[in-house]
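Read the figures in this text as sums done on the coordinates, not as results from a lab. This one's a predicted model, so the numbers in the text were calculated from it and none came from an experiment. Here Cβ is always computed from backbone atoms with ideal geometry, including for glycine, and neighbour counts include all displayed protein chains.
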Amino acid sequence: MRVTAGLTQAEVADAIGVKRVAVARWEAGLTKPHRGNRLKYAHFLRRLAEKYPAALQEVPDEG
């Protein structure tokens with residue numbers, strides 16, 4: 001969704017209040033956000049999903 005929205009990892013990090021490397025690690029599945037950041041990130045992603053609903057169809061199934 002971030003790419004569909006035309007956002008960089010740095011822009012997402014700034015919006016959430018973390019460093020870019022944290023977003024990179026979350027996206028790569030290397031780490032998970034701590035509770036406070038997880039809530040901020042989830043809220044941010046929900047807003048992107050509302051703005052770009054077609055992006056949800058592009059997400060590959062992890063199952």
So, of the residues in region 21-60 that are in contact (Cβ under 8 Å) with a residue 12 or more places away in the chain and of a type in the set (Lys, Arg), which turns out to be surrounded by the fewest Cβ atoms within 10 Å (Cβ to Cβ)? LYS51
Within region 3-56, how many residues turn out to be among the hydrophobic types (A, V, I, L, M, F, W, C) and not in a helix (DSSP H, G or I)? 5
Say we look at region 7-20 and pick out the residues that are closer than 11 Å to ASN37 by Cβ and of a type outside the set (A, V, I, L, M, F, W, C); which of these is surrounded by the most Cβ atoms within 10 Å (Cβ to Cβ)? LYS19
